[in-house]
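Trainee: There's a structure below that I have some questions on.
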Amino acid sequence: MKNILTLLSLFVFAILTNAQTTLIDTIISGGIPRTYRLYVPAIYNASNPAPLIINMHGYTSNATQQQSYTNFKPIADTAGFIMVYPQGTVDNNGYTFWNAGIGNGGVDDIGFLSHLIDSLKSKYNINLNRVYSTGFSMGGFMSHILAIALSDRIAAIASVSGTFFTNQYPYTATQAVPVMQIHGTADGTVPFTGGSGMVAVDNTVKFWVNSDHCDTTPVFTAVPDVNAGDGCTAEHYVYNNGDNGSTVEFYKIVGGDHTWPGAYNIGKVTNQDMSASKEIWRFFNHYSLTTAIKENDNNSGNTILIYPNPAAENMTVQFENRNYHSADITVYNAIGQRVITQSCINGMPSVSLNTASLPAGIYSMQVWFDKKKSSYKKLIIAK
């Protein structure tokens, strides 16, 4: 391990694939070398500030596995954010971990991750108002800790199968932080109901709802069970109207195990009705450090989110408050020809548009909510 870290500290190893770049690099933080993987999409332009997502692996795992398992690459390729996969250190049992509030001593992972943001900012045009954190299992625990300790640097967090450790809980948040929690009710590693030194999922969600001063009654949506063979279903709870435009979103995976929804099966019940990675980016894309980034449509009274935009093969149109019975979507090219028409009914939360056949260029979209038209939205197709 020491030899590997020494080599990594001497050079940056770049893997170039179709102009997309994964870098493996090391910084010294707290007097020890800390490695990370960095994915820079081909559409990154140094003249435009890019969002940054920190994506942390679980206990005993590593950055390489996290990059593969969560598969943010196709989303980053069209949305243009940079993704960093930091590597945890090794505990006394020889396993990789994050110091996510189990004790006061040990490795300063908060300091390392803050240092990592600064280091990446010195090399890339990072939008410091749009730095986000997500992670699986212990990486999810660490994301919650960052929302407490670095609320002045982290615009929003999403935790998959991770809560808080009880050792130092409850915490005091100094400002509102938008939070997404995704968790299976049959999680055998981080129990849904808590225990073994871990806070229950419901209590974790309530902590952030209270801390952010959100509505205590959520907006509920049953996620369509599009894959009846995955052994579980998903429910979506949204707590709105928090301080500074924040919300808390909770995906309850009924019957789901300790897994990342939408990822490949690792021998446990994995929800395939939704993609955690897509939903996390949809959520993050609402927020900056200063305020929520939401596109309200004054004509219809609905909130529309389009992502990724620019897009290549697919684009999602999200209706946040779903204040409609039917929605008819029309996409026009630059000379006003209709190139896509699609409808959704019964308050569906989102619809996916297939843009693979469209040439690169600028398009416009209009949505008719119950026959009442919205204002036009600008779309960009990038190949």
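Trainee: If you average 1/r over every pair of different alpha-carbon atoms in the chain and take one over that average, what Kirkwood value in Å do you get?
Mentor: Over the chain, the inverse of the mean reciprocal pair distance is 21.5 Å.
Trainee: Which value, in debye to the nearest 20, gives the size of the charge dipole of region 59-129 about its Cα centre, when Lys and Arg are +1 and Asp and Glu are -1 at the Cβ?
Mentor: Taking the Cα centre of region 59-129 as origin, the dipole is about 220 debye.
Trainee: How long are the three semi-axes of the equivalent ellipsoid of region 44-91, in whole Å, if each is the root of 5 times an eigenvalue of the C-alpha gyration tensor, listed from largest down?
Mentor: That gives 24, 12, 6 Å for the three semi-axes.
Trainee: If you don't mind, another one. Using Cα-Cα distances under 8 Å and only pairs 6 or more residues apart, what relative contact order does the chain have, in percent?
Mentor: Reported as a whole number, the value is 11 percent.
Trainee: If you place +1 on the Cβ of every Lys and Arg, -1 on the Cβ of every Asp and Glu, and leave all else neutral, what size is the dipole of the chain about its Cα centre, to the nearest 20 Debye?
Mentor: Here the size comes out at about 920 debye.
Trainee: Here is a follow-up. Show me, for region 23-37, the HN-Hα J-couplings you get by feeding each phi into the Karplus relation (A = 6.51, B = -1.76, C = 1.60, θ = phi - 60°), rounded to Hz, glycine and proline as x.
Mentor: For region 23-37, the Karplus-derived couplings read 9, 10, 9, 9, 10, 9, 9, x, x, 10, x, 10, 9, 7, 10 Hz, x marking Gly and Pro.
Trainee: What number does region 18-122 give for Rg over Rh if you use C-alpha atoms and the Kirkwood radius?
Mentor: Looking at region 18-122, the ratio lands at 0.99.
Trainee: Right, here's the next one. Tell me which residues come under 5 Å, amide H to amide H, from I306 once H is placed; ignore anything under 5 positions away on its chain.
Mentor: It is Q318, by chain and number.
Trainee: I'm checking a number: the convex hull volume of the Cα atoms of region 208-251, normalised per residue, in Å³. What is it?
Mentor: In region 208-251, the Cα convex hull volume per residue is 68 Å³.
Trainee: Another one. Over all directions, what mean area does the Cα convex hull of region 163-258 project, stated in square nanometres?
Mentor: Average projection, Cα convex hull of region 163-258: 6.3 nm².
Trainee: Also, quick follow-up: For the pair D108 and I362, what calculated FRET efficiency results from E = 1/(1 + (r/R0)^6), where r is the Cβ-Cβ distance and R0 = 35 Å, to the nearest 0.05?
Mentor: 0.15
Trainee: Then there is this: At 222 nm, what helix-only mean residue ellipticity would the chain give, in deg cm²/dmol to the nearest 500, using -39500 (n - 2.57) for each DSSP H run of four or more?
Mentor: -5500 deg cm²/dmol
Trainee: With θ set to phi - 60° and the Karplus curve 6.51 cos²θ - 1.76 cosθ + 1.60, what are the ³J(HN,Hα) couplings of region 244-250 in order, to the nearest whole Hz, using x for Gly and Pro?
Mentor: Values per residue, Gly and Pro as x: 6, x, 6, 9, 10, 10, 10 Hz.
Trainee: Report, in debye and to the nearest 20, how large the dipole of region 58-214 comes out about its Cα centre when Lys and Arg carry +1 and Asp and Glu carry -1 on their Cβ.
Mentor: Charge dipole, region 58-214, about its Cα centre: 280 debye, nearest 20.
Trainee: What does the highest-first list of 361-369, 201-209, 332-340 look like by mean Cβ count within 10 Å?
Mentor: Numbers: 361-369: 17.3, 201-209: 20.8, 332-340: 11.3.
Ranking the peptides 361-369, 201-209, 332-340 by packing returns 201-209, 361-369, 332-340.
Trainee: With viscosity set to 1.567 mPa s at 4 °C, what whole-number translational diffusion coefficient in µm²/s follows for region 80-220 from Stokes-Einstein and a Kirkwood radius over Cα pairs? Walk me through the numbers on the way to the answer.
Mentor: Working: Rh = 15.8 Å.
D, rounded to a whole number, is 82 µm²/s.
Trainee: Let me ask something else about it. Could you state the accessible area per residue of region 148-262 in Å², with a 1.4 Å probe and every protein chain left in place?
Mentor: 38 Å²
Trainee: Taking amide hydrogens as modeled 1.01 Å from N in the peptide plane, which residues meet the under 5 Å criterion relative to S137, leaving out close sequence neighbours?
Mentor: The list, which skips near neighbours in sequence, is V160, S161, G162.
Trainee: Using Cα atoms only, what is the angle between the long axis of helix 201-212 and the major principal axis of the chain, expressed in degrees (0 to 90) to the nearest 10?
Mentor: The angle comes out at about 70 degrees.
Trainee: Calculate how many DSSP beta bridges within the chain are antiparallel, expressed in % of all such bridges and rounded to the nearest 5.
Mentor: 70 percent
Trainee: Given a Förster distance of 41 Å, report the FRET efficiency between N92 and A228 from their Cβ-Cβ distance, rounded to the nearest 0.05.
Mentor: 0.40
Trainee: Amide H neighbours of T233 under 5 Å, counting only residues 5+ apart in sequence or on other chains, H built in-plane at 1.01 Å?
Mentor: Under 5 Å from the amide H of T233 lie the amide H atoms of V254, G256, each far enough along the sequence or on another chain.
Trainee: On to the next question. Tell me the Rg and the Dmax, in Å, that the Cα atoms of region 63-130 produce.
Mentor: 14.4, 41
The values are calculated or read from the model by the stated rules, or taken from the named source; none is laboratory data. None of the values given here were measured: they were computed from a predicted structure. As a convention, Cβ positions derive from the backbone with ideal geometry for all residues, glycine included, and neighbour counts pool all protein chains shown. All accessible areas refer to the heavy atoms of the entire protein, side chains included, with ligands and DNA or RNA removed. Shrake-Rupley method; radii C 1.70, N 1.55, O 1.52, S 1.80 Å.
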